[in-house]
1. Quick one: helix A:168-182 against the long Cα principal axis of chain A, what's the angle to the nearest 10°, folded into 0 to 90?
2. Classify the range B:241-298 as rounded, prolate or oblate from the Cα gyration tensor: take a ≥ b ≥ c as the square roots of its eigenvalues, call it rounded if a/c is under 1.5, otherwise prolate when a/b beats b/c and oblate if not.
3. Quick one: compute the contact order of the range B:75-115, relative version, from alpha carbon pairs under 8 angstrom and 6+ residues apart, as a percent.
4. Please check: in the Gaussian network model of chain A (C-alpha springs, under 10 Å), which one of A:T159, A:T205, A:T99 has the largest mean-square fluctuation.
5. Which lysines have a Cα less than 21 Å from the Cα of A:K273, not counting those fewer than 8 places away in the same chain?
6. Rank B:L301, B:A245, B:S264 by how far each Cα sits towards the positive end of the charge dipole of the range B:131-302 (+1 on Lys, Arg Cβ; -1 on Asp, Glu Cβ) and give me just the farthest.
7. How charged is the neighbourhood of A:D246? Take every other residue with its Cβ under 10 Å from the Cβ of A:D246, and add Lys/Arg as +1 and Asp/Glu as -1.
8. Residues of B:84-92, mean number of Cβ from any other protein chain within 10 Å of their own Cβ, rounded to a whole number?
2 protein chains.
Amino acid sequence: MPDDIRILTEADLRKAVTLDLGLVDVIERAFVALAQGGVVMPPVLSMDLATQNGEVDIKTACIPGFDSFAIKISTGFFGNAALGLPSLSGLMVVFSAHTGQVRAVLLDNGYLTDLRTAAAGAVAARHLAPADVSTAGVIGTGLQARLQMQAAHLVRPFTQALVWGRDADKAALCADDLSRTLGIPAQAVVDAEELVMRSQLVITTTPARAPVLQAEWLHPGLHVTAMGADAPDKNEIAPQALVRADLYAADRLSQVEVLGEFRSALAAGLWTKAPPPELGTIIVGQVPGRVDQQAITIADLTGTGAQDTAIASHVLGQSVRIDTTARHLSD
Amino acid sequence: MPDDIRILTEADLRKAVTLDLGLVDVIERAFVALAQGGVVMPPVLSMDLATQNGEVDIKTACIPGFDSFAIKISTGFFGNAALGLPSLSGLMVVFSAHTGQVRAVLLDNGYLTDLRTAAAGAVAARHLAPADVSTAGVIGTGLQARLQMQAAHLVRPFTQALVWGRDADKAALCADDLSRTLGIPAQAVVDAEELVMRSQLVITTTPARAPVLQAEWLHPGLHVTAMGADAPDKNEIAPQALVRADLYAADRLSQVEVLGEFRSALAAGLWTKAPPPELGTIIVGQVPGRVDQQAITIADLTGTGAQDTAIASHVLGQSVRIDTTARHLSD
């Protein structure tokens, strides 16, 4: 090999990068890059392994001005729990954008995806949520529910957290964790409608295949970030809600059309407005975002290869911190 | 990580696997698997990086009965020569087909792709070339030209080799190498037509965008394997030749329609026969192959993810030989 190749394990990566405002800025740059053009981002490669109850997704993007690009492979095998293994796994491979040579293998088991997904939620909240959010609610009780709330709290330091999930015990555990992590009161509520009613910022983090947030629950001064849908059969937000919102924005239009909430609205024949804007165009000011504090806004996040390239490049840039533990291979 | 992850470098892999009849059998099983059905093989993900004069291809396939599947990432950056770097690089990541966990990272820099591509050529020659091949010719002068001839010699031990390339010096060097490697006379010829006329087996290994082998050169008792085309703008064989041959077979129909020689024949409106068979269906006897020694046959190889999974699984199966040098990571 002409250059050393860095092999970083999940433990290395957990030391090198955490969820903070710096990372939110890193992921915001990926949204900005998409708006500025020149990003090469092929459609997601998805391999559905029905026999194994598994799926594999591959995302990548090359961003102008970045020295590296990442190829991210995510696996989800939903029989793993019975084997005592996590369902989700994966890694990122980082290549030089100038020579195509392998620069690093990030054996993150999905850690970097978890972080960049949460940071993308914070970017959406930063640019679309009302300026004052006192209560934020999350629909969903998994790891990403926790991370999304942590990330949102970085940009909207709300003082009360609400949680709803189909499993009340898991919702209570999630609320406990959030209370401890954020140092604020956090409460599991018995129905999702109540959560939406009491919140100015709502995040949905479920693998739902039927809406968990109804259009009639929308109220003035609400922002919703839907980050659960990432496949052509997922749907968290009632399609009518997208139409009813004052602003509905996508992370990537070509992705939400096939993988996100927008797919359901299109399929229902409900969307008759102009194509929705991408969040990056709002960030750079090409398109207006929230027009006033009473507006209702929805962000639809499917996760982009640009975000993967952004976090992977950031990790490699953290070289001083990483090099103490990194393994280097050279021939 | 629940399991060790093996990290193998190119040097490790060169010790573990070489081009021999055993490997040809391994790759033949990938063709057979495609014919038998049940293989999940998504379309190739291609990322064209025009600004960098680069391209990235990602191939994968999950084969029933295999414990692992590979995701192969190939990069080609064509300005690398000016930097003293090889144009082609890449790696394979191997996952458990049962749990989706990462099993190994094969940092092969394209070595395994080179081998499996050559072995696929041998599979085509084994099943389609005339029984007696005294002279074999290669159009192309690169590494794959050498490997294809070595692989073909394993299944058709010809006694004379011919080489043609646009650069006569490179053709002469290639002939010298082949003579030494195969222990037979090898000669660079001044035109491709002469090469085809004198050969019973011809392999084309060029990145040509206009045909280097003309239809009127075809003669009774000839087999041609075209392995250069792997992109929608490449074309080695005159489209009329595919029609004129008694049998034209693809490695994967869905790939040759967009990436292979068949694309050009379709685009020219020349193909009016039934869809061509896949080589695997000939191997398993579903479809007749060469009907007599005077037939003219053409195989069109674009390279499949099934071949990548087959060679990667084979490498991991060579554990006794590999484990002496492999690096294991575990948290």
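Just so you know, all these numbers are worked out from the coordinates, no wet-lab data involved. These numbers were taken from a predicted model, which means no experiment stands behind them. Positions of Cβ are generated from backbone atoms using ideal geometry, with glycine treated the same way; all protein chains shown enter the neighbour counts.
1. The angle comes out near 70 degrees.
2. Verdict is oblate for the range B:241-298.
3. Relative contact order here is 31 percent.
4. A:T99
5. none
6. Value: B:L301.
7. Value of the local net charge: +1.
8. 4
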